[in-house]
Amino acid sequence: MYGSEVATADDSERTAFRKAEKKYKLYYDHNFKSSKKKKQPRAVDLSEVVDFKSIEDSFNRKEDLPPGTLLFPCDFDRPIFCLQSRPGFYFIPGAIGIEEQCHWIRESLTSFPQPPNRTNHNAIYGPINDLFIAARERKILVEEDSSYTDEGSEFNSFVSHVDGPRWKFCKEPGVSSRGNMLKSIPASGLLQKLRWSTLGLQFDWSKRNYNVCLPHNKIPDALCQLAKKMAAPAMPGGEEFRPEAAIVNYFGLGDTLGGHLDDMEADWTKPIVSISLGCKAVFLLGGKSRQDPPVAMFLRSGDVVLMAGEARECFHGVPRIFTDEEKAEINPLELQFSQQNDLCLLEYIRTSRININARFEDTKASIPVGSVDQSNPSSIEAIALSIGAVCEKSPLVDNCVHCHQWEPR
Ligand SMILES: O=C(O)CCC(=O)C(=O)O
């Protein structure tokens with residue numbers, strides 16, 4: 001997933017992929033005419049962004065396709081489009097209906113970040129239970145009072161690292177026995193800073209591999225079924241897709257996912273099934289080199305992308321999500337969540353995008369050695385360093401969803 005071939009600072013201007021990232025990334029202009037110097041998003045030219053929704057609309061009306069776009073022949077219940085220039089890439093616009101989108105958004109916020117699934121917060125706070133509920137109830141994560149070591153302390157019920165700090169959701173900020181304010185962070189802030197969670201087989205960021213030793217649950221059956229159905233057009237010889245791992249990416253305003261290769265899985269003939277939820281985004285699909293000019297395309301809530309075979313070797317990334325009412329295109333989601341009186345979900349999704357990508361990993365090929373010992377700070381540090389190193393070298397991924405943890409906004 002996060003390719004070994006990481007960009008260095010001096011290719012930031014040189015490669016075609018970098019240029020495209022820069023073109024679509026969110027920049028602000030300061031409006032000096034206004035006394036408040038309000039930040040305004042800089043206008044971006046979206047005329048070259050491929051829009052598979054309008055391609056589908058026009059195909060349904062006139063059965064014609066723009067040059068370079070192909071209709072994949074299959075008996076799927078929706079048209080599936082491919083690009084002549086990128087064999088192994090499939091786009092299924094609006095593949096997931098609105099109610100199902102709401103279901104996966106809810107799951108992504110309530111159950112997917114639950115331990116033993118890991119999130120970007122693990123390295124600092126350890127496993128966190130019920131983050132979404134705590135955010136809804138406006139709770140605060142408070143660090144244990146290290147000056148007070150009562151065995152019966154309530155904090156012991158929420159152990160994060162065995163020897164490290166312990167944290168607990170509280171209604172109020174805490175004060176230590178010596179009268180100092182304890183470190184605390186609102187749960188709502190942690191929810192906004194949730195960048196990834198991993199389902200099924202857990203990915204070990206320090207070793208850049210799946211690690212069967214890390215505690216994990218199976219991927220939820222309903223997600224397997226969905227991925228299996230969506231993957232069918234890209235499966236070799238009519239085989240069934242059985243995902244063993246999934247990464248959930250959470251994007252807020254200004255977040256990006258820098259260009260990378262998904263090269264961690266042993267078997268590249270199996271597709272990655274990538275589901276978009278929430279605000280619209282620009283996705284860049286490059287070639288095998290960062291020098292290849294990427295194709296930019298919109299990803300909307302409910303779209304599904306498959307990357308298999310040769311497309312697995314292509315750089316890709318997300319330089320932009322849109323959170324303004326006109327471009328985000330989430331009115332149907334807003335309507336659903338207001339009907340269900342899910343104000344917290346409504347508030348979240350108005351400024352966020354979620355991507356669930358399911359992968360097949362041959363467990364026999366995964367390295368079962370040297371699992372990350374969460375009680376060992378040097379191991380946690382290794383994760384931080386490995387991700388930090390990637391990001392330091394990549395000036396355009398300063399808001400990258402995978403490295404936020406190490407670079408405060
Ligand atoms: O967010 C997306 O659409 C792409 C996610 C992705 O490329 C990844 O997680 O490797």
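A few points about this structure:
- Selected residue (only one of P73, P66, P87 is within 30 Å of K229 (Cβ to Cβ), modelled with pLDDT under 95 and in the same structural domain as L299 (by TED's automatic domain parsing)): P73
- Picking from residues in the stretch 224-252 that are hydrophobic (A, V, I, L, M, F, W, C) and surrounded by fewer than 21 Cβ atoms within 10 Å (Cβ to Cβ), the one that is modelled with the highest pLDDT is C224.
- All positions within the stretch 344-383 that are modelled with pLDDT of 90 or more and either more than 25 Å from P220 (Cβ to Cβ) or among the charged types (D, E, K, R) (or both): E347, R350, T351, R353, R359
- Any chance I128 is at pLDDT 95 or above and over 27 Å from D204 (Cα atoms): no
- For the stretch 202-250, the set of residues classified as of a type in the set (D, E) and out of contact with any strand residue (DSSP E or B) (no Cβ under 6 Å at 6 or more places or on another chain) consists of D204, D221, E239, E240, listed by residue number.
- Condition check for Y210 on (1) closer than 16 Å to I275 by Cα; (2) among the aromatic types (F, W, Y); (3) within 16 Å of the ligand (Cβ to nearest atom): one failure, at (1).
- Top-ranked residue of the stretch 84-111 - restricted to ones that are over 19 Å from the mean Cα position of the chain (by Cα) and of a type in the set (S, T, N, Q), ranked as nearest to F59 (Cα to Cα): Q84
- Where a residue in the stretch 164-186 is within 15 Å of A134 (Cβ to Cβ) and its partner, wherever it lies, is among the aromatic types (F, W, Y), with Cβ under 7 Å and at least six apart: W167/Y125; W167/F158; K168/F155; K168/F158
- Of all the residues in the stretch 91-101, those that are touching a Phe, Trp or Tyr at 6+ places or on another chain (Cβ under 6 Å) and not in a loop (DSSP other than H, G, I, E, B) number 1.
- Test: I247 is away from the ligand (no atom under 14 Å from the Cβ), assigned by TED's automatic domain parsing to the domain that holds C102 and within 21 Å of the chain's Cα centre (by Cα): no
- Residue in the stretch 102-115 that is modelled with pLDDT of 95 or more, assigned to a strand (DSSP E or B) and either outside the structural domain of F337 (by TED's automatic domain parsing) or under 30 Å from G309 (Cβ atoms) (or both) present: no
- Looking across the stretch 97-143, just one residue is among the basic types (K, R) and buried (at least 22 other Cβ atoms within 10 Å of the Cβ), and that is R118.
- Filtered by the rule that a residue be more than 20 Å from S301 (Cβ to Cβ) and surrounded by fewer than 11 Cβ atoms within 10 Å (Cβ to Cβ), the stretch 49-65 gives R61, K62, E63, D64.
The values are calculated or read from the model by the stated rules, or taken from the named source; none is laboratory data. Small disclaimer: the values here were computed from a predicted structure and weren't measured. Neighbour counts run over all protein chains shown; Cβ positions are idealised from the backbone, glycine included.
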